[in-house]
Amino acid sequence: METVIKIEGGHRLNGSVRISGSKNSTVALIPACVLASEPVTIYGVPDISDVRSLITLLNELGVNVEERDEDTLYIDPTHMENVPLVSEAATKLRASYYFMGALLGKFGHAEIRMPGGCYLGPRPIDLHIKGFEALGADVQYDNGCYILDADQLTGTNIFLDISSVGATINIMMAAVFAKGRTVIENAAREPEIIDIATLLNKMGARIHGMGTSSLVIDGVEHLGGCSHEIIPDRIEAATYIIMAAAMADDMLIENVIPQHLDAILMKLKEIGINLQIGTDSVHVFRTENDLKPTEILTKPYPGFATDVQQPFSVLLTQAVGQSTVTETIYAERFKHCDELKRMGADIDVRIPSAFIHGKTKLYGARVKATDLRCGAALVVAGLMADGVTEIHDIYHIDRGYDHLDRKLNRLGAKLWREEV
Ligand SMILES: CC(=O)N[C@H]1[C@@H](OP(=O)(O)OP(=O)(O)OC[C@H]2O[C@@H](n3ccc(=O)[nH]c3=O)[C@H](O)[C@@H]2O)O[C@H](CO)[C@@H](O)[C@@H]1O
Ligand SMILES: C=C(OP(=O)(O)O)C(=O)O
């Protein structure tokens, strides 16, 4: 037996939806809390399976975690123990690797199983390892586990060959207690990195230059407790804006930082979506005219986010003419296209691009969420399709979308879970 999501397509969306705290921030903020010697309270925590996997790992480390209210986590690492993180929980998500930087930084030792996460083609972590080694750590890989050791981490200059989000955050966490100054050059500039650095600075870290490609970390000796509100999830926001663009008469997406979505909002306007940008919301109105085709090139922030290209592609099946989506981050991130083709889309994938020909009618079908944002794309397609769409492997979707069913049904969609 498997639980699937079923969607009866064709129902118009109306009303408002509140965006939850950012998954990609939360999954780094939680491991970052172990660096403190006192309790940390995080507000706006999304209810997603990645968070539950991280809570399991915190429990294994003897960290006291209390879930307060619907979206607040109280994390007390005062009596934690640095045990090896070798349970299956570590393999359920990508971000378990942030315990490498956090535990290495705090204890000079970390032992952790290989991370999981979406398969988007190869996802090496060589830049994380090179960064830890540059700080003075010895890193071994044995039987599916990374073992990191250091007597003393020492600040240094680290140039990242690629501005990797994960490597930037992981090295930053390892460096907070390092002796002297660490400078990460070609650092990633994603808003989530600013969020993590802000939490660490509230704890007492000395990090400067966040949001620029030159991140400076001056080592400190102690980090204390604090409280922190997570930034809104720009990828969840983009997903709901795309759903609204496809199916809404009048829909308000609230708790959004529109600047985080500049590249995406620009593209939506370009293809003819009728939207109004507020200070912390985006209002989408019904688009009567045919959509125009466009070209998308995924790029690190502030460019068009790779995590949004999959749901955005569904919208492009409704544009009249040929659109092109080119991946510069994960060349193989096109598995959703095969699933969309089952629903009637006309897409030709020639890696690293997908050529989408529209406009095509979409029909409900039995499809598979091959990864998280493929799942999001299939939900968008299911809302638009004629008939019922049945989505399998929905655990991918549940890694990243807080209360998807409740949020969508309140907007007027017909979506439910069923055992098949
Ligand atoms: C939990 C989290 O925040 N996940 C996000 C994070 O993933 P993640 O942090 O894994 O992505 P990175 O920014 O590290 O990856 C960017 C590129 O660098 C390559 N690379 C990365 C590290 C490394 O050591 N070696 C290497 O070659 C990757 O294969 C990829 O081609 O950023 C991605 C790119 O915005 C998003 O799609 C993910 O949603
Ligand atoms: C790829 C993603 O997540 P992760 O890095 O956690 O696999 C994503 O959020 O789209």
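Here are a few things to note about the model shown:
- Ascending count of other beta-carbon atoms within 10 Å, so fewest first, for Val256, Val320, Val65: Val320, Val65, Val256
- Between Lys269 and Tyr363, the distance separating the two model label sites (each 7 Å from Cα on the Cα→Cβ line) works out to 3.9 nm.
- Helix 98-107 axis, angle to the chain major axis (alpha carbon atoms, nearest 10°): 10 degrees
- Over segment 23-229, relative contact order from alpha-carbon pairs under 8 Å, at least 6 apart, %: 21 percent
- Gain on full stretching of the segment that runs from His208 to His79 - 0.36 nm per residue minus C-alpha separation: 43.5 nm
- DSSP-defined beta bridges in segment 23-229 - what % are antiparallel, rounded to 5: 75 percent
- Rounded to the nearest whole Hz, the Karplus-based 3J(HN,Hα) values (6.51 cos²θ - 1.76 cosθ + 1.60, θ = phi - 60°) of segment 52-67 follow the sequence 5, 5, 5, 5, 4, 5, 4, 4, 4, 7, x, 7, 7, 10, 10, 8, with x at glycine and proline.
- Cα-based values for segment 213-367, radius of gyration first and Dmax second, are 17.9, 60 Å.
- Residues Met266, Met251, arranged from fewest to most other Cβ atoms within 10 angstrom of their Cβ, appear as Met266, Met251.
- Rg(Cα)/(2.2 N^0.38 Å) for the chain, N = residue count: 0.98
- Debye log10 I(q)/I(0) for segment 47-192, one point scatterer per Cα, at q = 0.11, 0.15, 0.16 Å⁻¹: -0.41, -0.78, -0.89
- Cα-based Rg / Dmax (Å) for segment 107-146: 11.4, 33
- Fraction of antiparallel bridges per DSSP, the chain only, in percent to nearest 5: 70 percent
- The chain, relative contact order in percent, only Cα pairs under 8 angstrom and at least six apart counted: 21 percent
- Helix-only CD estimate at 222 nm, as mean residue ellipticity for the chain, using -39500 (n - 2.57) per DSSP H run (n ≥ 4): -9500 deg cm²/dmol
- Potential lengthening between Asp218 and Leu297 on full extension [0.36 nm per residue; Cα-Cα distance subtracted]: 24.9 nm
- Stretchable slack from Trp416 to Lys179, in nm (0.36 nm times residue separation minus alpha-carbon distance): 80.0 nm
- Alpha-carbon centroid distance for the pair segment 260-310 / segment 19-74, whole angstrom: 31 Å
- Paramagnetic label reach from Val388 (point 7 Å along Cα→Cβ; backbone nitrogen cut-off under 11 Å): within segment 1-20, residues 6-9.
- Label-point separation in nm, Glu254 to Glu2, each point 7 Å along Cα→Cβ: 3.7 nm
- Across the alpha-carbon atoms of segment 55-124, the computed radius of gyration and Dmax are 13.2, 39 angstrom.
- Sequence-ordered 3J(HN,Hα) estimates for segment 311-328 from the Karplus curve with 6.51, -1.76 and 1.60 and θ = phi - 60° stand at x, 5, 4, 5, 4, 5, 5, 9, 7, 8, x, 9, 10, 10, 10, 10, 8, 10 Hz, glycine and proline given as x.
- Remark: His403, His128 ranked as His403, His128, counting other beta-carbon atoms within 10 Å and listing the fewest first.
- Backbone N atoms of segment 129-161 closer than 17 Å to the 7 Å Cα→Cβ label point of Thr91 belong to residues 141-147.
- Qualifying lysines (Cα of each under 16 Å from Cα of Lys267; at least 8 residues distant if same chain): Lys292, Lys299
- Calculated over segment 156-251, the projected area of the Cα convex hull averaged across directions stands at 7.4 nm².
- Separation of segment 82-136 and segment 379-420, taken as the distance between their Cα centroids, equals 32 angstrom.
- Separation of the Ala331 and Gln152 label points, Cα + 7 Å toward Cβ, nm: 4.4 nm
Quick note: the coordinates plus some simple rules give every number you see, no bench work behind them. What you see is a predicted model, and the numbers here were worked out from it, not measured in a lab. No Cβ is skipped: glycine too gets one built from the backbone with ideal geometry, and neighbour counts run over all protein chains shown.
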